[in-house]
Amino acid sequence: MELPTLSGQRHLAEVVPSVLATLGVPGCANTLDLPEAAGACVLLIDGLGAELLRDHADQAPVLAALATATLVVGCPSTTVAGLAAIGTGLAAGEHGMAGYTFEVPGCGVLNALRWRRHPGGGDLDVKPEDLQPLPTTFERAAAAGVEAVVVAEAKFAKSPLTRAVQRGADYRGVRAIGDLAAETLRALRESPGFCYAYHGQLDELGHRYGPGSPAWVMQLRQVDRLVESLVDGLPSGRMLAVVADHGMVALDDSAVDLDATPSLLAGVRELGGDPRVRYVYAEPGAEEDVLAAWRETLGSRAWVVRRDEAIAAGWFGPRVSDRVRPRFGDVIAAARDDFGMVRRTAEPLESALVGQHGSLTAAEQLVPLAVARR
C-alpha cells in the first residue's frame, strides 16, 4: 500500500512566521507571500477543513471568497498539534505536542487537552514548559517589540496547553462569538501588533452531530458572519488571516473496537492517539509482531507503518527531534476513508462521537487560508 507523503507542501506551521515576517520580526520568513501590514490577526476556526468549506461555500460566502489557498496540517491532524503549530511555527516532529493522547517517556500517556493521565484520568507529573520547551511565536514577537495578544475562551486562560504553546501572549478571555469579534478588533485597533483569535464551536458540533449536519451548517453561517464582521472592522493597514487546524470526517459503521480485538492488543504496552490515528507502543522486542498483527487485522482500512517509515514520508514535518521521537509510538496506524479505531471501554466519550479527525486524508489534512487586508 503506497503511503501518503506530506513533504514539500505548504504547512499550517508557516502561517504565524509569515505573519510575523510582515511585521518585521527577525528570523521569520514570509514563505506564504502574505501582504505587508502594520498589524495582523490570525483567526483559527477549529475543524474547518478546506473540503468542508468548498462543499458548503453557499453557507459561508465571505470566507469562501477570501480562501484562495490551502495548507496541510501534518500528522496528527488534531487540535493539540494544530495549536502547537500556530504557537511555535513548527510541525509536530519538533514541537512534540504529538496529538490528543501520547506517551511521555517516564511519565505515562498524557491527554494533552485535559492534561491528565490517559485513560484513567489521574495526575501526570509533567510541566507544560518542560514538555514543550521551545520558544513560542508569541515570545518571539514580544522579544522583537511586537505586542502579542491571544483572544480565546476564558476557561483556557491558565490551562497547561495554553502554557505549553501560547505563553508570552496577553491572554484575553472571551465567552461567545460576540466578544470574540469585539475583543479581536479592539486588539487590532489598540496597537500595531500580532493577535491570535480562536473559535472552537464548529469543531464541537462536528464531533457531536457530524460535519455537514444541520447544526454544523448553522454554526458555519455564524462563523462566516464573524469573518465578515472582522473584515468590515479591520483598521487601516491591518491584515486578517483565517485558517483551521484540521478538517473532519464522519465515521462509518466499520470502526474496530481495539479494546475488544485481542489480535490488536497482543504485545502492546500502551495505546495513544485518537480514533483516526493510533500510536502503538510495543513491549520490548515485540515491535515487528505488533506491526504484522495490525497490518493483517486492519488490512486496507488503514496505513500501518513503523515510526521511521512515517518520519521518512514527512508525516511529522521535515525534522523530528530525538526529544519527541518516542512520543509517536513504535507503530502508527492512520485510518483511511471513514474508518475508525475506537476504544469503547477505555474511551467511551470519544468513541461515541460522530465526527473525527487525526489522519492523513485530504478531508482532514487540507485547510483553507483566507486573507484580507484593509
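Bear in mind that the values in this text are calculations on the coordinates, not laboratory data. What you see is a predicted model; the values in this text were computed from it and never measured. Using ideal geometry, Cβ is built from the backbone for each residue, glycine included, and neighbour counts are taken over all protein chains shown.
For segment 63-169, just run the numbers: alpha carbon Rg, then divide by 2.2 N^0.38 Å, N being how many residues it has.
Cα-based Rg divided by the globular estimate yields 1.14.
Using just the Cα positions, wrap segment 256-356 in a convex hull and report its mean projected area in square nanometres, one decimal place.
Its Cα hull, projected and averaged over all orientations, spans 6.5 nm².
With just the Cα atoms of segment 140-206, tell me how far they stretch along each of the three principal axes, in Å, largest first.
38, 27, 17
Would you please classify the overall shape of segment 282-321 from the alpha carbon gyration tensor, given that a ≥ b ≥ c denote the square roots of the eigenvalues, rounded means a/c under 1.5, and beyond that prolate means a/b larger than b/c while oblate covers the rest?
Here segment 282-321 falls in the oblate category.
Long-range amide H contacts for residue 268: which residues qualify at under 5 Å (H placed 1.01 Å from N, peptide plane, sequence gap of 5 or more or a different chain)?
Close amide H contacts, sequence-distant or interchain: 283.
Can you bin segment 154-243 into rounded, prolate or oblate? Criterion: square roots of the alpha carbon gyration tensor eigenvalues sorted a ≥ b ≥ c, rounded for a/c under 1.5, prolate for a/b above b/c, oblate for the rest.
Cα axes put segment 154-243 in the oblate bin.
With each pseudo-label sitting 7 Å past Cα toward Cβ, what's the residue 208-residue 54 distance in nm, one decimal?
Taking the two extended label points, one gets 2.9 nm.
I want to check the label-to-label distance for residue 288 and residue 31. Put each point 7 Å from Cα in the C-beta direction and report it in nm to one decimal.
Going from the residue 288 label point to the residue 31 one covers 3.7 nm.
Roughly how tilted is helix 177-190, in degrees to the nearest 10 and between 0 and 90, from the longest Cα axis of the chain?
Here the helix axis deviates by roughly 50 degrees.
Using only Cα atoms, find the angle between the long axis of helix 79-88 and the longest principal axis of the chain, and express it within 0 to 90 degrees, rounded to the nearest 10.
So the helix axis and the longest Cα principal axis differ by about 50 degrees.
For the chain, divide the Cα radius of gyration by the Kirkwood radius and give the resulting Rg/Rh value with two decimals.
On the Cα set of the chain, Rg over Rh gives 0.96.
Give me Rg/Rg_expected for segment 89-141, where Rg uses Cα atoms only and Rg_expected = 2.2 N^0.38 Å with N residues.
Normalised Rg, Cα atoms only: 1.19.
Long-range amide H contacts for residue 302: which residues qualify at under 5 Å (H placed 1.01 Å from N, peptide plane, sequence gap of 5 or more or a different chain)?
336
Amide H neighbours of residue 369 under 5 Å, counting only residues 5+ apart in sequence or on other chains, H built in-plane at 1.01 Å?
When sequence neighbours closer than 5 places are left aside, the close amide H contacts are 68, 69, 70, 71.
Determine the relative contact order of the chain: mean sequence separation of Cα pairs under 8 Å and six or more apart, normalised by residue count, in whole percent.
Normalised by residue count, the contact order of the chain is 28 percent.
Report the Cα centroid-to-centroid distance between segment 77-105 and segment 1-74 in angstrom, as an integer.
17 Å
Pulled fully out, how much extra length does the chain show between residue 260 and residue 3, if you take 0.36 nm times their separation in residues and subtract their Cα-Cα distance?
Computed gain between residue 260 and residue 3 is 89.8 nm.
Give me a comma-separated list of calculated 3J(HN,Hα) values for segment 203-214, in order, Karplus coefficients 6.51, -1.76, 1.60 applied at θ = phi - 60°, integers in Hz, x for any Gly or Pro.
5, 4, 6, x, 4, 6, 10, x, x, x, 5, x
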